[in-house]
Ligand code: SF4
């Protein structure tokens, strides 16, 4: 199903004369890891090491491990460039080809009379987004695809923490189509644009609107966490060492801002934010997540205390208005704008 682009990988290995490479795959691609690594090793007769640590996104690039292992090249699958590193990295999107005709058939009955519609997707399908949009246009649908930046974001591409291409269309569209599986991206899309989201799942060919009541429930949960934070006296500020999630400076600013107002707060520094780690810091009444914002918003199963984003903490401190960010700017990796 995935395009592993073995030719591209082999060419890059040859170009760099690499003798040892580290292969980093997200969980969904790990069932193919041995086959893929074996092909590379057989073709190029080089050492191939598989990374076993987490790989959540373009933020989670194994630079430290690649340097520790002294590999000549890091091959990262499933995400595209988010940060610049002074290390050789090859990004492979792991594209999946879709049956566009079939998708058009299931989408058309759902979008009659909606007017202008925005189209977004994930890295696995960006290569077909134009074809999908053109096919919808040919059926008379007014579809728009937000522009990427030609380097870190493709046209129409969204990430769990970046909805920039969708936000650029907010004034022009009545609804968004999300082409992809699951509700992780559609939920983010809904709370950062305030628009209805039609999910078009190419894997099971199901298409349905994201449930409003689910979003309302999420809003209530988020607001309940903010309310708890207003009275918290012991606060853990979570910082991840993952390269694209490390917001130590913002965490330090936050500690300065809140400590002393009868509140004790400390930075808790770690690679991966996990249930056991947090629960063991049992003195903390709440945690503020400066790493991936989805850790706070989507939650971690089994964590006993509320986890807030920085923006939510600023709402608790009375420095931001919740109504002004919900449905427009609720998820962001760019905290600087809120200080
Ligand atoms: S910060 Fe979170 S949402 Fe953003 S790329 Fe990383 S894992 Fe995905």
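The values are calculated or read from the model by the stated rules, or taken from the named source; none is laboratory data. Note that the structure is predicted; figures quoted are calculated from it, not measured. All Cβ positions, even for glycine, are placed from backbone atoms using ideal geometry, and neighbour counts span all protein chains on display.
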Exercise. How many residues, within the stretch 14-58, are within 16 Å of the ligand (Cβ to nearest atom) and either in a loop (DSSP other than H, G, I, E, B) or assigned by TED's automatic domain parsing to the domain that holds residue 273 (or both)?
Worked result: 9
Exercise. Only one residue in 114, 61 is over 21 Å from the mean Cα position of the chain (by Cα), part of a loop (DSSP other than H, G, I, E, B) and either in contact (Cβ under 8 Å) with a residue 60 or more places away in the chain or surrounded by 15 or more Cβ atoms within 10 Å (Cβ to Cβ) (or both), so which one is that?
Worked result: 114
For this session: Could you grab me the full set of residues in the stretch 153-186 that are within 12 Å of the ligand (Cβ to nearest atom), in a helix (DSSP H, G or I) and surrounded by 22 or more Cβ atoms within 10 Å (Cβ to Cβ)?
Result: 185
For this session: Keeping to the stretch 64-79, report how many residues are crowded, with 18+ Cβ neighbours inside 10 Å and either free of Cβ contacts under 8 Å to residues at least 40 places away in the same chain or within 16 Å of the ligand (Cβ to nearest atom) (or both).
Result: 4
Problem set entry | Count of residues meeting criterion [surrounded by fewer than 19 Cβ atoms within 10 Å (Cβ to Cβ) and either modelled with pLDDT under 95 or more than 26 Å from the chain's Cα centre (by Cα) (or both)] in the stretch 277-297 | 6
Exercise. Name the pairs: first residue in the stretch 236-250 and over 14 Å from residue 273 (Cβ atoms), second residue more than 14 Å from the ligand (Cβ to nearest atom), Cβ to Cβ under 7 Å, at least 6 apart or on different chains?
Worked result: 243/63
Problem set entry | Every residue from the stretch 219-253 that is surrounded by 18 or more Cβ atoms within 10 Å (Cβ to Cβ) and more than 16 Å from the ligand (Cβ to nearest atom) | 222, 225, 226, 229, 232, 235, 236, 237
For this session: Quick one: count up the residues across the stretch 80-90 that are free of Cβ contacts under 8 Å to residues at least 40 places away in the same chain, within 16 Å of the ligand (Cβ to nearest atom) and more than 12 Å from residue 151 (Cα to Cα).
Result: 1
Exercise. Tally time: how many residues in the stretch 254-298 are within 16 Å of the ligand (Cβ to nearest atom), part of a loop (DSSP other than H, G, I, E, B) and either more than 26 Å from residue 218 (Cα to Cα) or free of Cβ contacts under 8 Å to residues at least 60 places away in the same chain (or both)?
Worked result: 5
